[in-house]
Every structure is written in structure tokens, then in C-alpha cells.
Amino acid sequence: MNKFLNAVLVFLFLGLSQFVFAFDLGTWNIINLKYKHTKNLSLFGEAQLRSLKMYDQFHYYEYKGGVNYKFKDNVVFTLAMGSYQTYKEGGNFELPKNNNEIRIWPQITLYQNIGSLRVEQRYRSESRFTTRGYRNRFRYRCGLSYPFGKDIDGFKPYQIGISNELFFTDTEPYFERNRILMSFQIKPSKATSIQVGYLHQFDYKINDETGRDFLQIGYFIEL
């Protein structure tokens with residue numbers, strides 16, 4: 001099993017290296033820690049670091065934390081807040097900042113299983129305290145994921161996924177952004193996941209973090 005995982009990782013690395021040089025991707029790095037307190041209640045913390053070039057021109061970071069409450073197996077309510085910092089483009093953490101933001105957001109996530117396919121719908125309302133004043137934003141994400149591979153201690157070792165997210169505001173021009181993610185995930189253990197993905201976003205009129213194409217790498221830990 002370990003040899004197969006190593007072969008998959010080498011294959012992905014070689015393929016993504018060619019993809020990165022061909023499309024000049026930025027990077028989107030995530031580390032997420034989740035603590036399951038009870039069957040229905042959990043806490044989480046997450047940090048992200050982004051760059052406009054391949055591990056160069058770092059222009060954005062965020063850190064956030066919150067609480068999840070599962071009403072049913074397929075309905076989860078989240079309340080979270082965080083700090084979101086955007087720097088000027090063209091260098092690493094170039095000053096002055098484009099945006100210095102504190103954000104509070106309630107969220108509802110709905111899940112539905114269709115055979116082995118899982119459908120996720122996420123609704124988020126953001127209260128944004130930004131450099132330019134207070135703003136509202138609303139986000140809707142729909143995603144599909146498919147776990148596969150031989151069961152190991154009750155979980156599948158691999159997962160592929162795709163999602164699309166729309167960003168809206170309550171002021172003109174109302175529509176801000178469309179974000180698409182395609183990902184592949186490996187679970188070395190029941191409590192950890194490593195995700196590699198390609199993220200593309202189209203900005204209509206945005207006032208915070210920019211960038212069009214990213215290589216996304218995430219490490220997720222559940223306690």
C-alpha cells in the first residue's frame with residue numbers, strides 16, 4: 001500500500017510540475033485542524049498562504065477559527081471569524097496593504113449521498129470589516145466528491161472532487177467572483193488528508209485578494 005501511495009505521489013508531482021510551468025500558476029496553501037468535541041459539536045482552525053507565482057510574490061494570508069454544530073447527519077451549521085490580509089502585487093508582502101480585514105461568517109452546509117457520490121451545498125454570509133469600510137458578501141458553493149479505493153479501517157484512501165462557488169454582494173455590481181476547484185485527495189490515515197488541486201477564479205469586480213490560477217495544496221487533520 002505504501003509503495004502504491006509513493007508511486008501516486010511521484011506521478012502527481014511530475015505531472016503537476018509540467019502543468020505549473022506551462023500555465024504559470026500561483027500557490028494556495030492550506031493547513032486545517034479540526035477537533036471533534038462531541039458527536040455533533042466540533043471546533044476548527046485554519047491558516048492559508050497564497051502567492052501569485054510558484055512560491056513567489058506572496059500577497060495574501062488568512063487565519064480563522066470557529067465552531068461547527070451538526071443538526072443532522074446532512075446539515076451542519078458553522079459560526080467563524082478570522083483575519084484576512086492582502087498585500088500589493090509584484091513582490092513578497094509588498095506594502096502598503098490592499099486590504100486589512102476582519103470577517104465574521106455564519107454558514108450552513110447541506111450534504112446528500114447519491115450512491116458513492118456525495119453532493120455538498122454551502123451557504124455563507126460574510127460580515128466584512130475592511131480597510132474601505134463595512135461590506136456584506138454572500139457565497140454559494142456546490143460540490144461533488146467521489147471516494148474510492150479499498151476500504152482501510154472504514155474509510156476510502158482516495159477521493160476526487162469538483163466544486164463551483166459564486167460570490168455576491170448587496171451593492172452594485174452584485175456579482176463579484178466565480179471560483180472553480182478540481183482536486184485529488186489522499187488519506188494516509190483516518191485522521192489526516194492531503195489534497196492537491198487546481199483552482200481557477202474569475203473576478204468581475206473584487207476589492208481583496210486577486211489571482212486567476214492556483215496550485216492548491218492542503219493538509220487536513222482531525223482530532
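What follows is calculated from the coordinates using simple rules that are stated; it is not laboratory data. Note that this is a predicted model, so its numbers are computed, not measured. Cβ: placed from backbone, ideal geometry, glycine included. Neighbour counts: every protein chain shown.
Tell me, what ³J(HN,Hα) does each residue in segment 121-135 have, in order and in whole Hz, if you take phi through Karplus 6.51 cos²θ - 1.76 cosθ + 1.60 with θ = phi - 60° and put x for Gly and Pro?
Each residue of segment 121-135 in turn: 10, 10, 10, 10, 10, 10, 9, 10, 9, 10, 4, 8, x, 7, 9 Hz.
How about segment 104-209: which trypsin sites (Lys or Arg not before Pro) there are in a DSSP loop, with at most 10 other Cβ atoms within 10 Å of their Cβ? Display every interim value, and only then the final one.
Working: sites: 118, 122, 124, 128, 132, 135, 137, 139, 141, 150, 177, 179, 190, 205; in loops: 132, 150, 190, 205.
The qualifying sites are 150.
Multiplying the sequence separation of residue 95 and residue 200 by 0.36 nm and subtracting their Cα-Cα distance, what value in nm do you get?
On the way: separation 105, 0.36 × 105 = 37.80 nm, distance 2.58 nm.
Going from the current span to full extension adds 35.2 nm.
Too long at a 29 Å Cα-Cα cut-off: which of 53/97; 64/187; 70/187; 53/150; 34/88? Walk me through the intermediate numbers first.
Numbers: 53/97 18 Å; 64/187 24 Å; 70/187 23 Å; 53/150 37 Å; 34/88 32 Å.
The pairs that break the limit, which is 29 Å between Cα atoms, are 53/150; 34/88.
I'd like the FRET efficiency for residue 36 and residue 166, computed as 1/(1 + (r/R0)^6) with the beta carbon distance as r and R0 of 41 Å, rounded to 0.05. Walk me through the numbers before you get to the answer.
Working: r = 30 Å, r/R0 = 0.73.
According to the calculation, E is roughly 0.85.
Rg and Dmax in Å for segment 26-222, alpha carbons only: what are they?
Looking at segment 26-222, its Cα Rg and Dmax stand at 17.2, 51 Å.
With a cut-off of 8 Å between alpha carbons and a minimum separation of six or more residues, what is the relative contact order of the chain in percent?
Details: 558 pairs, mean separation 34.1, N = 223.
Contact order relative to length: 15 percent.
Putting +1 on Lys and Arg Cβ atoms and -1 on Asp and Glu Cβ atoms, find which of 142, 99, 223 reaches farthest to the positive end of the dipole of the chain.
223
What does the charge dipole of segment 26-222 about its Cα centre add up to, to the nearest 20 debye, if the Cβ of each Lys and Arg holds +1 and the Cβ of each Asp and Glu holds -1?
Details: 28 positive and 20 negative charges, 96 e Å.
Using only the charged Cβ atoms, the result is roughly 460 debye.
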